[in-house]
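Heads up: the structure comes next, in structure tokens.
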Amino acid sequence: MADRRRVADRLPTFPWDRLAPHKATAEAHPDGAVDLSVGTPVDSVPERVREALAAASDSPGYPATYGTPQLRAAAADWLGRCHGVSVDPAAVLPSLGSKEFVAWLPTLLGLGEGDTVVHPELAYPTYDVGIRMSGAAPVASDGLTALGPAPVRLVWVNSPANPTGRVLGVEHLRKVVAWARERGAVVASDECYIGLGWEGGDPVSVLHPDVCGGSHEGLIALHSLSKRSNLAGYRAAFAAGDQALVDELLAVRKHAGMIMPGPVQAAMRAALDDDDHAREQKDRYAARRTALRGALEAAGWRITHSEAGLYLWAAHPEHDAWGSVALLAEHGVLVAPGDFYGPAGAGHVRVAFTATDERVEAAAKRLRALA
Ligand SMILES: Cc1ncc(COP(=O)(O)O)c(C=O)c1O
């Protein structure tokens, strides 16, 4: 049998396994572990969203890959209402959470060997994984000037960023868009934390007219309901932007069966139509962020960036990433080492504030005892 070129062989080992011994240490704490490592939502799914899911549960037929017109209209309305972005509902495409879209985008765009894709230097690991799945070459870089001669087909940006919480300003995004347009590269902007700005003004979408000059050509923005509406378990997200790109991706996704379940489409529409629950959720995160930030700073960690999103990017003057992980685990607090997101993160840890109020208070108390 001829050798297969296994996709799995092109991918990195799953980094979270390396955290297991520290997880065991944290779990041995007499008052239980506080897990601030993964960043999964813990608060309830809003009542109206659950009701919409239940009301749509008698759903025997195949849903449309494109989503219902009502879902696409709700996404377009939300972008306009909350982010000053005007898109035609026809230029909206549902996805099964944004992770699958990140992982498959290079492949669905037809990229492969000989193509280069740029992603941020410190980044959510799935950009790199998706690029490798396609066979293209990943380049981790925050600057676009020092890239080699290979043609760049796709540029990922992520603002607010995971893991650093950094927000890219209008000028920065404008430059990325101009650079990519000059070279015919697509800009994919992962905006899954866009509603969670804490300091320095509201994060702006790549589709905002101040950034893109009113044309969405070559641009695709990703939005997720996982964090805004506690829907990580529903797998509810969408992409929007350049109509030609949306049409192209829809054509492939239809063939590939990348279809959001009908009841989830109904639930996602209900979530997009309501801003009250998102405001309440944001207030919960704001209080947790303040408590953890104060406690980490009192215990000697310095917070950089972190002006938006769900994480504090923290460095200790005496400990590298793994030293901080070990020290915090001994006190029952589990965090993620910064090098999970790129070598430049080796001095930092990422501290998620997606734990319950009770667990956040327990972590803050333990951190204060370290001060
Ligand atoms: C930057 C970034 N993009 C995408 C995702 C995926 O989110 P989801 O698949 O839940 O929409 C995450 C999840 O944490 C993330 O941090």
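How far is the Cα center of segment 87-143 from the Cα center of segment 1-37, in Å? About 23 Å separates the Cα centre of segment 87-143 from the one of segment 1-37. A straight chain from Ala178 to Thr13 at 0.36 nm per residue would run longer than the Cα-Cα distance by 55.9 nm. Taking the DSSP beta bridges with both ends in the chain, the antiparallel portion is around 55 percent. Close amide H pairs (under 5 Å, H built 1.01 Å from N) link Val333 with Val34, residues at least 5 positions away or on another chain. Annotation: Ile303 carries an accessible surface of approximately 20 Å², with a 1.4 Å probe and no ligand, DNA or RNA atoms counted.
A simple spin-label model places the labels of Asp77 and Leu370 4.6 nm from each other, with each point 7 Å out along Cα-to-Cβ. Summed over qualifying helices (DSSP H, 4 residues or more, each -39500 (n - 2.57)) and divided by its residue number, the chain shows a 222 nm mean residue ellipticity of -12000 deg cm²/dmol. Rounded to the nearest 0.05, what FRET efficiency do Gln243 and Arg302 give with R0 = 41 Å and r taken as the Cβ-Cβ distance? Could you check? Step by step, r from the Cβ atoms, then E = 0.35.
Full-extension gain between Glu280 and Ala346, please, as 0.36 nm times their residue separation minus the C-alpha to C-alpha distance. Walk me through the intermediate numbers first.
On the way: separation 66, 0.36 × 66 = 23.76 nm, distance 3.44 nm.
20.3 nm is the gain from fully extending Glu280 to Ala346.
Both numbers refer to the Cα atoms of the chain; Rg and Dmax are 20.7, 62 Å. Note that segment 277-282 has calculated 3J(HN,Hα) couplings of 5, 5, 5, 4, 5, 5 Hz, one per residue in order, obtained from phi through the Karplus relation 6.51 cos²θ - 1.76 cosθ + 1.60 (θ = phi - 60°); glycine and proline are x.
Shape call for segment 314-356 from the C-alpha gyration tensor, a ≥ b ≥ c root eigenvalues: rounded (a/c under 1.5), prolate (a/b greater than b/c) or oblate? Oblate shape, in that a/c is at least 1.5 and b/c is the bigger or equal ratio. Think of the chain as a dipole: +1 on every Lys or Arg Cβ, -1 on every Asp or Glu Cβ, centred on the Cα centre; then among Gly84, Ser44, Ala336, Ala336 lies furthest on the positive end.
Applied to segment 265-273, the Karplus parametrisation 6.51 cos²θ - 1.76 cosθ + 1.60 on θ = phi - 60° returns per-residue 3J(HN,Hα) values of 4, 5, 5, 5, 4, 4, 5, 5, 6 Hz, with x for Gly and Pro.
Annotation: amide H-H contacts under 5 Å for Ser226 (H modelled 1.01 Å from N, sequence separation of 5 or more, or interchain): Leu231, Ala236.
Once the Cα atoms are used to define both axes, helix 243-256 deviates from the longest principal axis of the chain by about 80 degrees. If only the Cβ of Lys and Arg carry +1 and only the Cβ of Asp and Glu carry -1, the dipole of the chain around its Cα centre is close to 420 debye. Taken along the Cα-to-beta-carbon direction at a fixed 7 Å, the label points for Asp357 and Val42 span 1.3 nm. Lys-Lys pairs in the chain that are eight or more residues apart or on separate chains and whose Cα atoms lie under 28 Å of each other come to 12.
Remark on Val186: its backbone amide H falls under 5 Å from those of Leu154, Val155, a criterion applied only to residues 5 or more positions apart or on other chains, H modelled at 1.01 Å from N.
For segment 119-248, the relative contact order is 19 percent, taking Cα pairs closer than 8 Å that sit 6 or more residues apart in sequence and dividing their mean separation by the residue count.
So if the hydrodynamic radius of segment 163-239 is defined as the Kirkwood radius over C-alpha pairs, what does Stokes-Einstein give as its diffusion coefficient at 10 °C and 1.306 mPa s, in µm² per second? Walk me through the numbers on the way to the answer.
On the way: Rh = 13.4 Å.
Estimated via Stokes-Einstein, D reaches 119 µm²/s.
With contacts taken as Cα pairs under 8 Å and at least 6 residues apart, segment 69-119 reaches a relative contact order of 25 percent. Label separation (Thr145 vs Tyr62): 5.1 nm, computed from points 7 Å beyond Cα along the C-beta direction.
So for the chain, averaging the separation of alpha carbon pairs under 8 Å that are six or more residues apart and normalising by length, what relative contact order in percent results?
On the way: 738 pairs, mean separation 92.8, N = 371.
Computed value for the chain: 25 percent relative contact order.
Averaging 1/r over each pair of different alpha-carbon atoms in segment 60-113 and inverting the result gives 12.8 Å, the Kirkwood hydrodynamic radius.
Converting phi to 3J(HN,Hα) with the Karplus coefficients 6.51, -1.76 and 1.60 and the offset θ = phi - 60°, segment 299-307 yields 8, x, 7, 9, 9, 10, 6, 6, 7 Hz in sequence order, with x at every glycine or proline.
The values are calculated or read from the model by the stated rules, or taken from the named source; none is laboratory data. The structure presented is a predicted model; accordingly, all values stated were derived computationally and were not measured. Neighbour counts run over all protein chains shown; Cβ positions are idealised from the backbone, glycine included. Just the protein is used for accessible areas: all its heavy atoms, side chains included, with ligands, DNA and RNA removed. Shrake-Rupley method; radii C 1.70, N 1.55, O 1.52, S 1.80 Å.
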